[in-house]
Amino acid sequence: MKTFKRHLTALAVSAALMPTAAVQAGEVEVLHWWAAGGEARAAAALKEMMEEQGHTWKDFAVAGGGGEAAMTVLKTRAVSGNPPAAAQIKGLDIREWAELGFLTNLDSVADAENWDQLIPPMISDVMKYEGEYVAVPVNVHRVNWLWVNPEVMKDAGVEVPTTLDEFFEVADKLKAEGYIPLAHGGQPWQDATVFDAVALAELGPEDYRKAFVEHDMDVINSDKMEEVFAQFAKVMSYVDDDAAGRDWNTATGMVIRGEAAMQIMGDWAKGEFTAAGLTPGEDYLCAPAPGTAGQFTFNVDSFAMFSLTEDEDIKAQKDLARTILEPEFQTLFNQNKGSIPVRTDMDMGEFDICAQASMETFKASADDGGLVPSFSHGLATTSYIQGQIFDVVTNFVNSSNPDPVKTTDQLAAAIQSAM
Ligand code: BGC
């Protein structure tokens with residue numbers, strides 16, 4: 001008996017002392033679209049943490065803001081039976097991939113790490129399919145932000161606008177001083193991002209939700225929506241003539257350099273200011289998009305995990321999922337990315353004033369109804385319906401004679417046909 005026990009103990013000790021066993025280091029291929037300055041720095045943080053654990057990081061970056069190009073490439077890879085380990089997939093699309101049987105169950109990690117306690121249920125629900133985790137959330141981006149160059153505002157003698165009417169007044173003065181009032185890139189998702197902020201300002205959170213989450217035709221096909229398009233056209237009239245095709249980070253660069261005064265964009269734009277070594281409150285300002293103070297359009301980045309066959313790659317994939325929700329990663333990644341941690345228990349002391357304001361508004365708006373999922377970033381609806389809305393918005397922007405009434409009808413028809 002004694003010998004048997006000793007033998008077992010010896011086995012256990014030698015197992016513990018064994019160098020990293022065969023099923024330890026794997027490869028993790030990660031599809032994302034984080035190619036801009038701040039985005040790339042954020043992605044590098046994840047890569048480093050995976051490599052520290054002995055795994056190999058295979059970068060699968062498909063450039064293109066908003067991720068449309070990345071999703072097209074992902075579909076081709078998945079259909080040919082060769083998906084990556086993890087892919088940046090958001091919102092309701094996670095469920096669609098799971099329904100098709102592509103995703104793996106992450107419950108062993110989620111249970112061990114207590115994800116249900118760490119993440120707000122509104123977000124963890126989106127990460128689950130039939131009650132099981134198939135994706136892990138990375139962050140919370142706020143979409144309804146205004147980024148401002150204070151020097152330019154000072155030079156033009158104007159203050160940061162808090163309503164759309166103030167925005168129009170300020171923009172006129174900036175224009176008269178020779179500045180581009182609004183930096184923007186003419187790409188469908190960027191047009192939709194500005195439209196998203198104007199819609200929230202005009203409709204308020206309740207009707208925003210009715211229109212873009214519930215697809216309530218009484219709101220979609222209404223005078224209010226006509227007014228949204230009218231105000232949107234006015235906002236877009238302050239964009240320069242060279243905006244077609246411009247990337248969002250190039251537009252942020254125009255604000256950084258003082259060529260343009262403001263940009264309406266989610267807080268991944270802050271990643272660009274951070275990467276340029278600038279300090280919020282001094283070198284640049286962050287303010288709620290005009291007319292949306294206290295409200296929060298949320299956009300959560302998440303990695304859906306695909307079914308794999310090799311044991312060591314499965315181990316690497318689970319380590320990736322675990323690492324993403326660790327406090328160290330949540331801090332480092334979000335400081336670079338411009339977003340806030342998805343964990344609600346994090347100390348915000350190490351974050352800048354924009355992130356602190358964001359977290360405060362995120363929590364307060366969750367309680368008072370001001371928190372809405374962003375339709376332009378795939379949190380409110382499937383990417384199919386989202387695509388239909390994008391088409392209507394972009395045609396409106398590119399029309400030589402934009403007509404809010406006709407476009408409201410087109411929006412209603414597009415959403416109805418996609419449902
Ligand atoms: C993503 C962000 C990304 C941005 C620009 C958004 O849809 O959620 O992570 O930085 O697009 O590419």
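The values are calculated or read from the model by the stated rules, or taken from the named source; none is laboratory data. A quick note: this is a predicted structure, and the numbers were derived from the prediction, not measured. So basically every Cβ, Gly included, is an ideal-geometry build from the backbone, and we count neighbours across all protein chains shown. Remember, those area values only see protein heavy atoms, side chains included, never the ligands or the DNA or RNA. Shrake-Rupley method; radii C 1.70, N 1.55, O 1.52, S 1.80 Å.
General remarks:
- Residue match in region 229-249 (condition: in contact (Cβ under 8 Å) with a residue 60 or more places away in the chain, within 21 Å of Asn334 (Cα to Cα), within 16 Å of the ligand (Cβ to nearest atom) and surrounded by fewer than 23 Cβ atoms within 10 Å (Cβ to Cβ)): yes
- Some residue of region 269-284 being in contact with a Ser or Thr (Cβ under 8 Å, 6 or more places away or on another chain) and not charged (D, E, K, R): yes
- Selection from region 286-316 of residues that are under 19 Å from Tyr133 (Cβ atoms) and not polar (S, T, N, Q): Val300, Asp301, Phe303, Ala304, Met305, Phe306, Leu308, Asp313, Ile314, Lys315, Ala316
- Number of positions in region 338-355 that are touching a Ser or Thr at 6+ places or on another chain (Cβ under 9 Å) and within 16 Å of the ligand (Cβ to nearest atom): 6
- Residue in region 71-80 that is more than 13 Å from Ser383 (Cβ to Cβ), open to solvent by 20 Å² or more (accessible area, probe 1.4 Å), at pLDDT 95 or above and within 16 Å of the ligand (Cβ to nearest atom) present: yes
- Residue within region 40-61 that is within 12 Å of the ligand (Cβ to nearest atom), touching a Leu at 6+ places or on another chain (Cβ under 9 Å) and touching a residue at least 60 places away in the same chain (Cβ under 8 Å) present: yes
- Qualifying residue in region 172-184 (condition: in contact with a Phe, Trp or Tyr (Cβ under 9 Å, 6 or more places away or on another chain), in a loop (DSSP other than H, G, I, E, B) and modelled with pLDDT of 95 or more): yes
- Filter result for Lys210 (part of a helix (DSSP H, G or I), open to solvent by 10 Å² or more (accessible area, probe 1.4 Å) and either over 22 Å from Gln356 (Cβ atoms) or not aromatic (Phe, Trp, Tyr) (or both)): yes
- Looking across region 101-112, just one residue is open to solvent by 60 Å² or more (accessible area, probe 1.4 Å) and within 24 Å of the chain's Cα centre (by Cα), and that is Asn105.
- So Ala87, is it surrounded by 17 or more Cβ atoms within 10 Å (Cβ to Cβ), in a strand (DSSP E or B) and of a type in the set (Gly, Ala, Ser): yes
- Test for Ala233: is it closer than 14 Å to Val148 by Cα and not in a loop (DSSP other than H, G, I, E, B): no
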